[in-house]
């Protein structure tokens, strides 16, 4: 078995930002030399998801509107209440991110996708693309691509 790992780095523009990872993932699969196996696409962040879907303006628009309804950014979230929150604080200039809605969206979207590799190519459907979806504010992000197989 062969394992090849690539780290992709991005700076996002805010939420929800869609970064298409498909071409970079295809390059990693091709350069690995693996003919049959899988490629794992994994976000190292709890407010940036990895999802497979169409790259279509209407879908992206609908997604943006839908997530605002499910977890409105300005609702009360205990995660945002610095009077009670004491864990995992990453504050700059005495300001902590109010991103409880981003974490909740991530729970339902997920951290990774695994794609089969068949005869050296990702077995994606006709319209499928792989996305990093920013759920928070502009950030530096890392995505791990791990290609496994023979």
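Against the main long axis of the alpha-carbon atoms of the chain, helix 57-70 sits at an angle near 40°. Mean separation of Cα pairs under 8 Å and 6 or more residues apart, divided by the residue count, gives the chain a relative contact order of 58 percent.
Panel order for 142, 75, by other beta carbons found within 10 Å of each beta carbon, from fewest to most: 75, 142. Footprinting exposure proxy ranking of 54, 24, fewest other C-beta atoms within 10 angstrom first, gives 54, 24. Listed by Cβ neighbour count within 10 Å, with the fewest neighbours leading, 85, 126, 4 appear as 126, 85, 4. Compactness of the chain, taken as the C-alpha radius of gyration over 2.2 N^0.38 Å, stands at 1.16.
Which value in deg cm²/dmol, rounded to the nearest 500, describes the helix-derived mean residue ellipticity at 222 nm for the chain, given -39,500 (n - 2.57) per DSSP H run of n ≥ 4 and division by the residue count? Mean residue ellipticity at 222 nm (helix-derived): -7000 deg cm²/dmol.
Rule-based calculations on the coordinates, nothing more; no lab input. A quick note: this is a predicted structure, and the numbers were derived from the prediction, not measured. So basically every Cβ, Gly included, is an ideal-geometry build from the backbone, and we count neighbours across all protein chains shown.
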